[in-house]
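Written out below as structure tokens is the structure these notes cover.
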Amino acid sequence: MAAATLAGRENDRMIGLLIASALLAAPGPGVGVACGLRRLEACESTNQLVWGPGFERALRRFLGRDADDRVSYLYSRGRLIGQVREVLGGPPDAPRSLPGGSRLFTACRAHSCEEKGAVAFAADGHIVAIGVLNYHCGKCARAWLDLFVRGRGTATETARTAIVRWAAAAAGDRADILRRSPEKAVILHRLD
């Protein structure tokens, strides 16, 4: 009888291990769907895109020679590309579709969610605008939007408008100037 009980427990343990292994091996949401610059619609979150293959290269291409400039948006004299990546790499929002097949991806800085980032893509998967919602290194109480754009077509203008609207909503009570007079709180950086 003791041998039968021991064998039964061993079988139960083996079955439990098999179930656990099957659950761990099962594909999660989005697995098998290739999120990337050529498949933006497959991306379930900003993080999936930002931390995926090709994004760093696309970001550097978009920022061009300004990528390594020293700026003080989140912290003093950090590289622009690093500060952009930081506001896009924290807690993500769901991607949004924009007119003309463009897409908007937004997130906030990890452990400092008042600082946020947005990146907009044209339908063909290239970056047309990036926004960094920040407080210029904590020196002021109001939100500033540093908006980087490349190109002058419809996709760029759609992205620019979407990012300004997103920033006004995302900044909450610190966005009064963004809502009333965006031209006073948006610092436009043309990269072309």
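Just so it is clear, none of the values below were taken in a lab; they were calculated from the coordinates. Note that the structure is a prediction, hence the values are computed from the model and not measured. With ideal geometry, Cβ positions are generated from the backbone for all residues, glycine too; neighbour counts draw on all protein chains shown.
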Please list, in chain and number order, the residues 5+ apart from V128 or on another chain whose amide H is under 5 Å from its amide H, with Hs placed from the backbone. A120, F121, A122
Please turn the phi angles of segment 172-185 into ³J(HN,Hα) values with the Karplus equation 6.51 cos²θ - 1.76 cosθ + 1.60 (θ = phi - 60°), one per residue in order, whole Hz, x for glycine and proline. x, 6, 8, 10, 3, 5, 5, 6, 6, 9, x, 5, 8, 10
Gap in Å between the Cα centre of segment 34-97 and the Cα centre of segment 118-138? 8 Å
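Remind me, relative contact order of segment 120-170 in percent, using alpha carbon pairs under 8 angstrom and six or more residues apart?
Numbers: 59 pairs, mean separation 18.0, N = 51.
Relative contact order here is 35 percent.
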Among the trypsin sites (Lys or Arg not before Pro) within segment 145-192, which fall in a DSSP loop and have no more than 14 other Cβ atoms within 10 Å of their own Cβ? R152
Once label points are set 7 Å from the Cα along Cα→Cβ at both S72 and A141, what is their separation, rounded to one decimal in nm? 2.1 nm
Determine ³J(HN,Hα), in whole Hz, for all residues of segment 159-164 in sequence, where each value follows from phi through the Karplus function 6.51 cos²θ - 1.76 cosθ + 1.60 and θ = phi - 60°; x replaces Gly and Pro. 5, 4, 4, 5, 5, 5
